[in-house]
Amino acid sequence: MIKIIALSAVLLSCAVQSNNTNVANSSNTSPAMVKDNIYKFKVESLTGGTIDFGSFKGKKILVVNTASECGYTPQYKELEALYEKYKDKLVIVGFPANNFGGQEPGTNTEIKTFCEKNYGVTFPMAAKISVTGDDMAPIYKWLTQKTQNGVLDAEIKWNFNKFLIDENGSMIAYFPSKVTPSSEEITSKL
């Protein structure tokens with residue numbers, strides 16, 4: 001009987017310690033919601049190299065899903081202007097995607113040429129990915145799921161959706177296509 005009581009006390013002690021550890025590591029979030037940062041992601045660039053989000057620590061990051069044949073495509077011009085104006089504290093990363101209306105049919109080389117020739121894009125551009133559906137890229141799962149980013153859920157419904165990340169790699173805000181890069185909604189947060 002004494003052995004059973006002693007064993008029960010040990011098991012209870014382990015359970016309490018385990019529970020306290022989970023609470024301490026949860027930072028006041030439920031176990032189903034783990035706030036993570038964007039710095040864990042490395043993606044292929046449009047030119048074949050790698051974009052390492054960890055290298056952007058200390059700057060805000062604006063992530064945008066782009067397309068070359070969309071009514072919002074002229075936003076490239078505003079994105080480039082925003083990047084030039086705030087490049088000391090902001091990085092813009094474009095993610096070409098062909099998820100909506102087949103509006104990004106080109107290859108990575110064709111997209112790069114289009115962006116440089118028509119809009120003078122100098123901000124980092126990732127290789128073409130999927131931003132929705134079963135083949136959604138992992139970074140877009142993080143951007144759109146509160147259980148991963150700890151802040152918000154968002155549904156990508158069209159091209160040129162924007163996500164703003166703070167200097168510590170945490171989600172700040174989501175902006176739909178119609179919110180232009182130079183809008184006060186975005187610039188007030190820079």
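Quick check: residue separation of V151 and L190 times 0.36 nm, minus the Cα distance between them. What number comes out in nm? Mind showing how you got there, number by number?
Numbers: separation 39, 0.36 × 39 = 14.04 nm, distance 1.81 nm.
Answer, rounded to one decimal: 12.2 nm.
With 10 angstrom as the radius, rank W142, W158 by how many other C-beta atoms surround their C-beta, starting from the fewest.
W158, W142
Taking a threshold of 19 Å on the Cα-Cα distance, which of the pairs K112/K178; K128/K162; K117/K178 fall above it?
Numbers: K112/K178 24 Å; K128/K162 16 Å; K117/K178 24 Å.
Over 19 Å apart, Cα to Cα: K112/K178; K117/K178.
Multiplying the sequence separation of K57 and T122 by 0.36 nm and subtracting their Cα-Cα distance, what value in nm do you get?
Fully extending the segment from K57 to T122 adds 21.5 nm.
Taking the Cα centre of each part, how many Å lie between segment 44-89 and segment 116-190?
Their Cα centres are 9 Å away from one another.
What is the gain in length, in nm to one decimal, between E110 and T47 on full extension, counting 0.36 nm per residue of separation less the C-alpha to C-alpha distance? Write down the numbers at each step before the final one.
Numbers: separation 63, 0.36 × 63 = 22.68 nm, distance 1.07 nm.
Taking 0.36 nm per residue and subtracting the Cα distance, the gain is 21.6 nm.
Evaluate 2.2 N^0.38 Å with N set to the residue count of segment 38-187, then give the Cα radius of gyration divided by it.
Output field value: 0.94.
Sticking with the crude label model, points 7 Å out along Cα→Cβ, report the distance from K40 to K178 in nm, one decimal please.
3.5 nm
Of T109, Y119, I165, whose Cα points farthest to the positive end of the dipole of segment 38-187 (charges on the beta-carbon: +1 Lys, Arg; -1 Asp, Glu; origin at the Cα centre)?
Value computed over the given set: I165.
Laboratory data are not the source of any read-out in this text; all were calculated from the coordinates shown. Nothing here was measured: the structure is a model prediction, and the numbers come from that model. Ideal geometry is used to build each Cβ from the backbone, glycine not excepted, and the neighbour counts take in all protein chains shown.
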